[in-house]
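Chemist: Below you will find the structure I want to go over with you.
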Amino acid sequence: MPKKHLIILPCHGVWEMDLTLTTQNCGQLSENWFLAPFQIEGNDHLVFIKQSLRAVEELLSSYDQGVILFSGSQTKTDAGPISEAQSYFMLIQKLITLAFEDAEKKSLIQVFKEDIISSLSTIVSLMELRNITLSDLFTTGVINTEEYSLDSFDNLLYSIFRFKEITNTFPERITIVGFGFKESRFLNYHAKALDIPKEMINYISYDPEPLDYSPKQLDQYFTTLTKMEHKNALSLFDKDWYAKREILLRKKEGRNSYKRVASYNGLEKLHLDNIMETDEAHYQTYIKGKMPWSQ
């Protein structure tokens, strides 16, 4: 059956990989990751795991049609030339392998709370129900990586073209598993700029989970998060749809220490290396109604 369903997991950090099948480092501690201080405050590393496991659940619910892409480049200089996407892939492979080999999850229960254990149990149950082996899941390409993305716009665009590389077709539907506060960015800015119909995308939200915050502190935390999203992303993408001008371009260059350059076949049709005077003009000239996914 041809693949039609692209599941995108935008990555936000690099796991300090430990591939031994022990629970000493299963990504459960912030020090297991290369993170920014604000990511440590929000316990983002645990949300990365929850998002990734939910993506696998989505895959298993439409296994014949789906492909997961962990999307993220080599963004952390201190981590070396290891991509965010690679590290997520290896961590999820490790977690599911541990869960699959220990039916009672005894070792994992010692390091993770119930929600992650429950998700792992669901994944193992779905694999057993559908007779899917660990090899089926991790060596056949249905869970894969996209390793050039430097921001959320790239996550969406490059994942579509990476899906085309893998399946020889463009997706008919897209699921994004990401932070809730970024949903508008994807649906109202990036999808619009790429002429992707909104109804083609399903967005599944998970948000940061600061520990030991009072209700008042949590309210303030998420209020600030929303304001920062508007200031540092939405207001910028509103003026720079394709992240090709000074502020957003500088951000991307700052994340690209290892000088990765995407070269997906067909990407040149968007003419993103030669943006016209206005984004609206560029959109009308090269993109609207001209993409394989345009209505």
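The values are calculated or read from the model by the stated rules, or taken from the named source; none is laboratory data. Computed from a predicted structure; not experimentally measured. As a convention, Cβ positions derive from the backbone with ideal geometry for all residues, glycine included, and neighbour counts pool all protein chains shown.
Chemist: Can you name every one of the helices (runs of 4 or more DSSP H) wholly within segment 187-264 that holds 2 or more residues which are of a type in the set (Asp, Glu)? Please lay out each step first, then the result.
Modeler: Details: elements: 215-229, 235-239, 246-254.
Answer list for segment 187-264: 215-229, 246-254.
Chemist: Any residue at all in segment 25-47 that's within 23 Å of ILE166 (Cβ to Cβ) and either surrounded by fewer than 23 Cβ atoms within 10 Å (Cβ to Cβ) or of a type outside the set (Val, Ile, Thr) (or both)? Even if it seems obvious, please write down each step before you answer.
Modeler: Just the residues of segment 25-47 that are within 23 Å of ILE166 (Cβ to Cβ), to begin with: none.
The answer is no, given that none of the residues of segment 25-47 is within 23 Å of ILE166 (Cβ to Cβ) and either surrounded by fewer than 23 Cβ atoms within 10 Å (Cβ to Cβ) or of a type outside the set (Val, Ile, Thr) (or both).
Chemist: Another question about this same structure. With segment 92-145 as the region, which helices (runs of 4 or more DSSP H) entirely inside it contain at least 1 residues that are under 20 Å from the mean Cα position of the chain (by Cα), among the β-branched types (Val, Ile, Thr) and more than 18 Å from LEU29 (Cβ to Cβ)? Write out each step before concluding.
Modeler: Values: elements: 106-109, 114-129, 134-139.
Filter on segment 92-145 gives 114-129, 134-139.
Chemist: Hey, any hits in segment 119-134 for a residue that's at pLDDT 95 or above, farther than 18 Å from ALA233 by Cβ and touching a strand residue (DSSP E or B) at 6+ places or on another chain (Cβ under 8 Å)?
Modeler: Scanning segment 119-134 turns up no residue that is at pLDDT 95 or above, farther than 18 Å from ALA233 by Cβ and touching a strand residue (DSSP E or B) at 6+ places or on another chain (Cβ under 8 Å).
Chemist: Among the residues of segment 54-72, is there at least one that is over 18 Å from TYR203 (Cα atoms), touching a Leu at 6+ places or on another chain (Cβ under 8 Å) and either in contact (Cβ under 8 Å) with a residue 24 or more places away in the chain or crowded, with 22+ Cβ neighbours inside 10 Å (or both)?
Modeler: No, that holds for no residue.
Chemist: If you check PHE48 against the conditions, is it under 30 Å from ARG260 (Cβ atoms) and either of a type outside the set (Lys, Arg) or assigned to a helix (DSSP H, G or I) (or both)?
Modeler: On the way: under 30 Å from ARG260 (Cβ atoms): yes; either of a type outside the set (Lys, Arg) or assigned to a helix (DSSP H, G or I) (or both): yes.
Against the criterion (under 30 Å from ARG260 (Cβ atoms) and either of a type outside the set (Lys, Arg) or assigned to a helix (DSSP H, G or I) (or both)), PHE48 qualifies.
Chemist: Then there is this: Select from segment 175-192 the residues that are among the aliphatic types (A, V, I, L, M), touching a Phe, Trp or Tyr at 6+ places or on another chain (Cβ under 9 Å) and surrounded by fewer than 22 Cβ atoms within 10 Å (Cβ to Cβ) and list them in ascending order. Before you say what the answer is, go through the steps one by one.
Modeler: Pass one, segment 175-192, residues among the aliphatic types (A, V, I, L, M): 176-177, 187, 191.
Next, only the ones that are touching a Phe, Trp or Tyr at 6+ places or on another chain (Cβ under 9 Å) stay: 176-177, 187.
Hit for segment 175-192 is LEU187, nothing else.
Chemist: Now, a different point. Report, by residue number, each residue of segment 265-295 that is β-branched (Val, Ile, Thr), surrounded by fewer than 16 Cβ atoms within 10 Å (Cβ to Cβ) and part of a helix (DSSP H, G or I). It would help to see each step written out before you state the result.
Modeler: Let us first name the residues in segment 265-295 that are β-branched (Val, Ile, Thr), namely 275, 278, 285, 287.
Cutting the leftovers down to surrounded by fewer than 16 Cβ atoms within 10 Å (Cβ to Cβ) gives us 278, 285.
Once the filter is applied, which keeps residues that are β-branched (Val, Ile, Thr), surrounded by fewer than 16 Cβ atoms within 10 Å (Cβ to Cβ) and part of a helix (DSSP H, G or I), segment 265-295 yields only THR285.
Chemist: Residue by residue through segment 210-228, note down the ones that are under 22 Å from LEU29 (Cα atoms) and either surrounded by 10 or more Cβ atoms within 10 Å (Cβ to Cβ) or touching a residue at least 40 places away in the same chain (Cβ under 8 Å) (or both).
Modeler: If the condition is that a residue be under 22 Å from LEU29 (Cα atoms) and either surrounded by 10 or more Cβ atoms within 10 Å (Cβ to Cβ) or touching a residue at least 40 places away in the same chain (Cβ under 8 Å) (or both), then PRO210, LEU211, TYR213, LEU218, TYR221 are the ones that fit.
Chemist: Something else now. Which condition from (1) farther than 21 Å from THR224 by Cβ; (2) buried (at least 20 other Cβ atoms within 10 Å of the Cβ) is the one that ASN168 breaks?
Modeler: It is condition (2) that ASN168 fails.
Chemist: Residue check: is LEU150 crowded, with 18+ Cβ neighbours inside 10 Å, touching a residue at least 60 places away in the same chain (Cβ under 8 Å), assigned to a loop (DSSP other than H, G, I, E, B) and not polar (S, T, N, Q)? Break it down into steps so the answer makes sense when it comes.
Modeler: On the way: crowded, with 18+ Cβ neighbours inside 10 Å: yes; touching a residue at least 60 places away in the same chain (Cβ under 8 Å): yes; assigned to a loop (DSSP other than H, G, I, E, B): yes; not polar (S, T, N, Q): yes.
So LEU150 passes the test.
Chemist: So is LEU248 surrounded by 16 or more Cβ atoms within 10 Å (Cβ to Cβ), more than 24 Å from GLU147 (Cα to Cα) and touching a residue at least 24 places away in the same chain (Cβ under 8 Å) or not?
Modeler: On the way: surrounded by 16 or more Cβ atoms within 10 Å (Cβ to Cβ): yes; more than 24 Å from GLU147 (Cα to Cα): no; touching a residue at least 24 places away in the same chain (Cβ under 8 Å): yes.
Judged against the criteria, LEU248 is not a match.
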